[in-house]
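Below is one structure, written out as structure tokens; comments come after it.
The values are calculated or read from the model by the stated rules, or taken from the named source; none is laboratory data. Given the structure is predicted, the values throughout are model-derived calculations rather than measurements. Don't worry about glycine lacking a Cβ; one is built from the backbone with ideal geometry, like all the others, and counts go over all protein chains shown.
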Amino acid sequence: MQTDWNLIHIFPNKEKWIEEKEMLKEKIRKYETHLKQLKLNNFKEVLEEKIQIDEQIEKIYCYPKRFLDLNNQDEEHQNMFNEALQIYEQIVKLSQSFEKFILKNVENVQKFIAENPYYNRYLSLYLRKKEFQVENEELFAFLHHEQISFQELYRCLSENDLSFGYVMNEEGKEVLLTKKIYQDLLLSKKREIRKSAYIVYNEAYQKIQNTFAILLNKKYEIEFKQAQAQKFSSIISQKMFLDELPENTIENLMKVTNQNLLIFRKFSELKKQVLGLSELHIYDTSLPLGNVSKMKIELPQALEYAKKSLNILGEDYIKRIEEAFKEGWVDVYPKKNKRKMTFSCISYCGVPYASLNYHDNLISARNLVHELGHSIHTSYAKEQGHLYFEYSLFIAEVVAKVNEILFNEYMLTQNLPKEEQVYLLTSIIQALGNSLFSQMLLTEFEDAIIKEKEKNQTLTADTINQMYLQIFIKYNQESVILDDMIKFSWTKIPHLFMNRSYYLYQYTIGTALAIEIVHKLKNENLQPKYIEFLKIGNTKSIVESLKILNINLENEKYIKSAYQYLNEQIERLSEILK
């Protein structure tokens with residue numbers, strides 16, 4: 001079993017990278033000349049040049065980037081990566097010129113598509129922007145620069161400028177609080193330690209809440225101006241257009257979520273009972289109901305669980321998992337200076353690389369199955385060729401969640417001791433609750449803020465605090481004791497500041513769709529259609545892709561089923577605990 005990345009799948013050595021980089025630079029010079037002379041009679045030639053360059057820059061970019069993923073102190077590959085970035089930025093500018101030509105020659109491009117249907121989807125994604133073409137390009141570029149500057153400000157503020165006080169740890173020693181120590185102390189069995197850490201941690205955010213409010217106002221002001229520059233009436237209409245989704249998608253999610261809020265209260269009440277607490281505070285909610293240390297799963301066992309749980313997806317799917325560990329697709333274990341987060345590379349070059357930091361436990365085993373979902377998905381999508389392999393992040397998360405749910409359900413069939421069953425079910429319910437409720441709470445909060453900003457309102461920290469608190473109260477249904485610190489929780493959500501708006505709902509809808517797909521896999525012999533779905537890449541929109549699985553995104557049935565599924569898991573846990 002190979003547990004390290006084998007990067008020779010991209011280039012055998014640095015010399016080959018340098019050789020191809022120089023070839024690419026020469027191609028770009030020719031492409032730039034041809035682009036300046038672009039007419040309808042040489043359109044296909046220039047189009048194919050562009051496609052080849054887009055494929056090659058990915059290789060030039062990804063090779064050093066993968067080395068940096070493994071060691072962020074690698075100066076040699078950092079220099080190579082910086083070169084790749086400079087070339088990429090040049091290509092982006094040239095692509096903007098190519099897009100302008102398409103949008104100025106819509107009828108002729110449509111004729112070209114009729115004669116060359118292979119390019120239909122690729123060029124149609126350009127053409128659909130015609131109605132929303134930016135007229136003031138300088139303003140749009142300025143707003144983009146402002147957005148990057150704003151994100152950098154938030155990163156500096158949250159990573160460098162926050163200072164926490166001292167707290168008592170489990171050993172009774174006074175320690176300076178950090179984000180990592182805070183997460184550890186929330187797992188303490190001593191409530192006073194949890195409470196003290198919670199107060200000290202939140203006080204740091206409270207002190208600079210006004211700065212966070214300024215940043216949040218700035219973010220949505222920029223995004224609304226960007227939407228207006230593209231002739232959209234609202235931020236949500238712009239985002240749904242970019243995702244090719246119905247504009248009522250998020251509204252439907254919020255409606256069904258609000259109809260099911262009592263479900264999560266059931267779990268909170270159950271948790272309070274099991275933990276022997278008369279009341280549940282925010283600083284109690286991270287406590288596990290089972291003993292984590294007893295769910296030890298080493299890599300060979302995790303891989304066996306993965307293959308057995310995903311066997312429903314067919315022999316070829318399992319064979320690709322085995323190939324992943326023969327050919328060096330997965331870098332499994334932690335290394336010094338390696339990226340801490342788990343991730344998969346949706347890239348055409350090389351193999352579908354995935355990175356873990358495996359720690360012989362249930363969470364790591366589940367992460368393995370999740371990332372394999374991305375990697376195997378990419379391996380199927382690559383059958384479309386470079387032009388159409390890159391599927392949307394929306395679909396990517398649905399597929400990875402399918403694997404997670406199949407893994408969870410398989411593990412629940414094992415003859416585990418009661419304590420492990422409790423821990424396993426609790427972790428499943430918490431993950432589902434986070435996706436189906438917590439992410440929608442934040443989506444609803446963000447939606448409320450955006451609607452105020454679109455009315456040209458400037459929101460103070462006090463106003464934002466109250467807006468968050470009211471939505472929190474509604475979602476928690478009196479299951480958690482309110483304290484004054486809860487209203488500052490929005491300041492601690494990086495996604496609200498660093499990601500595009502209307503991003504978090506995708507976790508909810510992705511989980512709901514995955515639950516529906518797993519149900520169909522088990523009850524409707526969906527496996528052949530599901531593999532076809534994995535091969536779609538970007539040849540179809542999200543809505544059209546899901547139709548292959550007989551799922552209508554505008555039908556609320558699959559969302560309601562997801563909440564019912566969560567309710568069933570809570571009932572199951574209740575039975576085990578009796």
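Looking at the stretch 433-453, which of its residues are farther than 20 Å from TYR558 by Cα, aliphatic (A, V, I, L, M) and without any contact (Cβ under 8 Å) to a residue 60 or more places away in the chain? Once the filter is applied, which keeps residues that are farther than 20 Å from TYR558 by Cα, aliphatic (A, V, I, L, M) and without any contact (Cβ under 8 Å) to a residue 60 or more places away in the chain, the stretch 433-453 yields only ALA448.
Figure legend. Inter-residue proximity from the stretch 28-41: first residues in contact (Cβ under 8 Å) with a residue 40 or more places away in the chain, second residues of a type in the set (D, E, K, R) and exposed (fewer than 15 other Cβ atoms within 10 Å of the Cβ), beta-carbon distance below 9 Å, spacing 6+ or different chains. Indicated pairs: LEU40/LYS111. Among all residue pairs at least 6 apart or on different chains, which show Cβ distances below 9 Å where the first residue, located in the stretch 168-183, is under 20 Å from PRO288 (Cβ atoms) and the second is among the hydrophobic types (A, V, I, L, M, F, W, C) and part of a strand (DSSP E or B)? Every condition considered, the pairs that remain are ASN169/VAL175; ILE181/VAL167; ILE181/VAL175; TYR182/VAL167. Of all residues in the stretch 61-85 being among the hydrophobic types (A, V, I, L, M, F, W, C) and without any contact (Cβ under 8 Å) to a residue 24 or more places away in the chain, which is nearest to SER344 (Cα to Cα)? The qualifying residue nearest to SER344 (Cα to Cα) is LEU68.
Condition first: modelled with pLDDT of 95 or more, part of a helix (DSSP H, G or I) and farther than 23 Å from LYS65 by Cα. Can you find one or more residues in the stretch 324-335 that meet it? The answer is no, given that none of the residues of the stretch 324-335 is modelled with pLDDT of 95 or more, part of a helix (DSSP H, G or I) and farther than 23 Å from LYS65 by Cα.
Taking residues in the stretch 514-540 that are at positive phi, and partners anywhere that are surrounded by 18 or more Cβ atoms within 10 Å (Cβ to Cβ) and part of a loop (DSSP other than H, G, I, E, B), the pairs with Cβ atoms closer than 6 Å and at least 6 places apart or on different chains are GLY537/PHE389; GLY537/TYR391. ILE576 falls short on exactly one of the conditions (1) assigned to a helix (DSSP H, G or I); (2) in contact with an Asp or Glu (Cβ under 8 Å, 6 or more places away or on another chain), and that condition is (2).
Restricting attention to the stretch 516-546, the residues that are over 19 Å from PRO352 (Cβ atoms), assigned to a helix (DSSP H, G or I) and either of a type in the set (A, V, I, L, M) or more than 22 Å from the chain's Cα centre (by Cα) (or both) total 13.
Taken together, LEU406, LEU356, LEU387 contain a single residue that is touching a residue at least 60 places away in the same chain (Cβ under 8 Å) and either surrounded by 24 or more Cβ atoms within 10 Å (Cβ to Cβ) or within 30 Å of LYS180 (Cα to Cα) (or both), which is LEU406.
Of the helices (runs of 4 or more DSSP H) lying entirely inside the stretch 399-484, those containing at least 2 residues that are closer than 30 Å to LEU310 by Cβ span 418-433, 439-453. Close Cβ contacts (under 6 Å, 6 or more residues apart or on different chains) running from residues in the stretch 237-261 that are assigned to a loop (DSSP other than H, G, I, E, B) to residues that are not hydrophobic (A, V, I, L, M, F, W, C) comprise GLU244/SER541; PRO246/GLU554; GLU247/SER237; ASN260/TYR563.
Does SER375 fit the bill of being in a helix (DSSP H, G or I), in contact with a Ser or Thr (Cβ under 7 Å, 6 or more places away or on another chain), under 19 Å from ILE8 (Cα atoms) and modelled with pLDDT of 95 or more? Yes, satisfied.
Scanning the stretch 493-544 for residues that are of a type in the set (Lys, Arg), within 19 Å of MET240 (Cα to Cα) and at pLDDT 95 or above gives a single hit, LYS540. Counting only residues that are charged (D, E, K, R) and touching a His at 6+ places or on another chain (Cβ under 6 Å), the stretch 439-495 holds 0 of them. Taking the criterion of being buried (at least 21 other Cβ atoms within 10 Å of the Cβ) and within 21 Å of LEU287 (Cα to Cα), would at least one residue in the stretch 411-423 satisfy it? Yes, the stretch 411-423 contains a residue that is buried (at least 21 other Cβ atoms within 10 Å of the Cβ) and within 21 Å of LEU287 (Cα to Cα).
The lone criterion from (1) touching a residue at least 24 places away in the same chain (Cβ under 8 Å); (2) surrounded by 15 or more Cβ atoms within 10 Å (Cβ to Cβ); (3) under 30 Å from ASN105 (Cβ atoms); (4) not polar (S, T, N, Q) left unmet by GLU49 is number (1).
Among all residues of the stretch 405-425, there is at least one that is under 25 Å from TYR502 (Cα atoms) and out of contact with any Leu (no Cβ under 6 Å at 6 or more places or on another chain).
Filter the stretch 185-236 for residues that are among the basic types (Lys, Arg) and assigned to a helix (DSSP H, G or I); which is farthest from HIS495 (Cα to Cα)?
The extreme case among them is ARG191.
Of all residue pairs spaced 6 or more apart or on separate chains, those with beta-carbon atoms under 8 Å, a first member in the stretch 553-578 that is closer than 18 Å to THR426 by Cβ and surrounded by 11 or more Cβ atoms within 10 Å (Cβ to Cβ) and a second member that is among the hydroxyl-bearing types (Ser, Thr, Tyr) and modelled with pLDDT under 95 are LEU573/THR426. Answer yes or no: is there a residue in the stretch 264-277 that is touching an Asp or Glu at 6+ places or on another chain (Cβ under 8 Å) and among the hydroxyl-bearing types (Ser, Thr, Tyr). The answer is no; no qualifying residue exists.
Each residue in the stretch 11-27 was checked for being more than 14 Å from ALA84 (Cα to Cα), assigned to a helix (DSSP H, G or I) and touching a residue at least 24 places away in the same chain (Cβ under 8 Å), and 1 pass.
Is it true that some residue in the stretch 160-181 is surrounded by 18 or more Cβ atoms within 10 Å (Cβ to Cβ) and assigned to a helix (DSSP H, G or I)? No: the stretch 160-181 contains no residue that is surrounded by 18 or more Cβ atoms within 10 Å (Cβ to Cβ) and assigned to a helix (DSSP H, G or I).
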